[in-house]
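*Asks:* I'd like to ask you about the structure that follows.
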Amino acid sequence: MPSENRNGKSVTVEERIKAVTMCQQGKSFAAIGRELNRSKSCIKRIIDRYNETITKKDRSRTGRPRISTSKDYRNLVCLVEKRIEPSYFLVNQLKLSN
């Protein structure tokens, strides 16, 4: 999943590879930015992140990890679609919180 900048325009892995390669060839951030149609601060962030992690891929996202599997999700959808009992019964049966 590409990362998003402030304008919502994604920076693709291909653009990161081009930016890092051009920087290694000695081009300035401004020159790289003009060629890739990005700001020099965006290019600087790409290069700084590359130097920190030595990878051109997206960083892993933070957030609460999933506790259910895709199979659990499918089963839950089936239960809800075939539901005869009220929803609070389903919550109690599956031991879910609010």
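*Asks:* What is the one condition in (1) under 30 Å from I17 (Cα atoms); (2) of a type outside the set (D, E); (3) out of contact with any helix residue (DSSP H, G or I) (no Cβ under 8 Å at 6 or more places or on another chain); (4) surrounded by 10 or more Cβ atoms within 10 Å (Cβ to Cβ) that R74 does not satisfy?
*Replies:* (1)
*Asks:* Quick one: how many residues across the range 15-43 are touching a Phe, Trp or Tyr at 6+ places or on another chain (Cβ under 6 Å) and surrounded by fewer than 16 Cβ atoms within 10 Å (Cβ to Cβ)? Steps first, answer last, please.
*Replies:* Restricting attention to the range 15-43, the residues satisfying the condition of being touching a Phe, Trp or Tyr at 6+ places or on another chain (Cβ under 6 Å) are 20, 40, 43.
Restricting the remaining residues to those that are surrounded by fewer than 16 Cβ atoms within 10 Å (Cβ to Cβ) gives 40.
Number satisfying all stated conditions: 1.
*Asks:* Please verify whether the range 32-43 includes one or more residues that are within 19 Å of the chain's Cα centre (by Cα) and of a type outside the set (S, T, N, Q). So that I can check it myself, show each step before the final result.
*Replies:* Here is the first cut: in the range 32-43, the residues within 19 Å of the chain's Cα centre (by Cα) are 42-43.
Checking which are of a type outside the set (S, T, N, Q) leaves us with 42-43.
Yes.
*Asks:* Does at least one position in the range 73-82 carry a residue that is within 21 Å of the chain's Cα centre (by Cα), of a type in the set (F, W, Y) and in a helix (DSSP H, G or I)? Lay out the reasoning, then the answer.
*Replies:* Looking only at the range 73-82, we keep the residues that are within 21 Å of the chain's Cα centre (by Cα), and these are none.
No, the range 73-82 contains no residue that is within 21 Å of the chain's Cα centre (by Cα), of a type in the set (F, W, Y) and in a helix (DSSP H, G or I).
*Asks:* OK, next. For the range 57-71, does any single residue satisfy the condition of being over 21 Å from the mean Cα position of the chain (by Cα) and assigned to a helix (DSSP H, G or I)?
*Replies:* Just the residues of the range 57-71 that are over 21 Å from the mean Cα position of the chain (by Cα), to begin with: 71.
Right, trim to assigned to a helix (DSSP H, G or I) and you get 71.
Scanning the range 57-71 turns up at least one residue that is over 21 Å from the mean Cα position of the chain (by Cα) and assigned to a helix (DSSP H, G or I).
*Asks:* Of the residues R16, R38, R64, only one is of a type in the set (K, R) and modelled with pLDDT under 90; which? Walk me through it before giving the result.
*Replies:* Working: R16 fails: modelled with pLDDT under 90; R38 fails: modelled with pLDDT under 90.
Matching residue, one of R16, R38, R64: R64.
*Asks:* Suppose we filter the range 47-68 for residues that are under 24 Å from L36 (Cα atoms) and either of a type in the set (S, T, Y) or touching a strand residue (DSSP E or B) at 6+ places or on another chain (Cβ under 8 Å) (or both); how many remain?
*Replies:* Step one: filter the range 47-68 for residues under 24 Å from L36 (Cα atoms), giving 47-59.
From what is left, the residues that are either of a type in the set (S, T, Y) or touching a strand residue (DSSP E or B) at 6+ places or on another chain (Cβ under 8 Å) (or both) are 50, 53, 55, 58-59.
Going through the range 47-68 one residue at a time, the tally reaches 5.
The values are calculated or read from the model by the stated rules, or taken from the named source; none is laboratory data. Keep in mind that what you see is a predicted model, and the values were worked out from it rather than measured. Note that each Cβ is placed from the backbone with ideal geometry, even for glycine, and that neighbours are counted across all protein chains shown.
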